[in-house]
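The next block holds one structure in the form of structure tokens; read it before the comments.
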Amino acid sequence: MGLLGDFFEDAAEWAEGRWWLPRLPLLGYLAYAGWRHLREPEEYSSLLFGGVTFGVHELGHVIFSPLGELLGIAGGSLAQILAPILAGAVFLFWQREGEPQRDYFGVALAACWLAFSCWNLATYVGDAKHQDLPLLGLSSDPIHDWAYLLGRFGLVDHCLRFAGLIRLAAFGIWAAAIAFGGWLLLRMARS
């Protein structure tokens, strides 16, 4: 059947007998928030993930700073991408007393967080050349991470291309997460 087939078979089994109704508003909000973000990419930030993503980003600078200037600056963006991936892995692989404690709906939520985090990152990357975004940080004079990173490698003129690719990936992740979450809710409702 293959890895993907096994994944969906296990997810369908997990959904059997679970209550879909309390999960519906959350998935509806994530669908709405993603749609809003698609319509207003520079203006809209998810209320659910925006503050958490910012906090994780800033913590990433602290965590990665002992590894040198380059990783210290890139660490914020690395952390904001790795955190939702790790959350999804916990939902997928968590075990208690040797028994899987999976939560496939949690995987869909973590994927939505990853998409919103990528959209946030794309806005930051796209601003590298002109640096119009107000910067917040742990110091009184924060630097623009992506102006530094792309400038260091002579790529700052390509910031909008990189941002576009990140936005495209974010859209794919968000669409897959919403579709997967909806499929899970349908499975739950039918059982």
Query raised in the report: Helix 69-93: angle to the longest alpha-carbon principal axis of the chain, degrees 0 to 90, nearest 10?
Result: 0
Query - Pair residue 179, residue 24: separation of 7 Å Cα→Cβ label points (nm) - result: 2.3
**Report entry** the range 23-135 shape via C-alpha gyration tensor axes, a/c threshold 1.5
**Finding:** oblate
Query - Kirkwood-type radius of the range 120-186, with distances r between different C-alpha atoms, in Å - result: 13.5
Report summary line: Computed over the chain, the distribution of all Cα-Cα distances in 10 Å bins, rounded to whole %, is 9, 32, 31, 18, 9, 1
Query raised in the report: Can you put 57, 144 in order, fewest other beta carbons within 10 Å first?
Result: 144, 57
Query - Local electrostatic count, residue 96, Cβ distance below 14 Å [Lys/Arg +1, Asp/Glu -1] - result: -2
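Values quoted throughout were computed directly from the atomic coordinates according to the rules given, and no laboratory measurement underlies them. The structure presented is a predicted model; accordingly, all values stated were derived computationally and were not measured. Glycine gets a Cβ as well: all are built from the backbone with ideal geometry, and neighbour counts include every protein chain shown.
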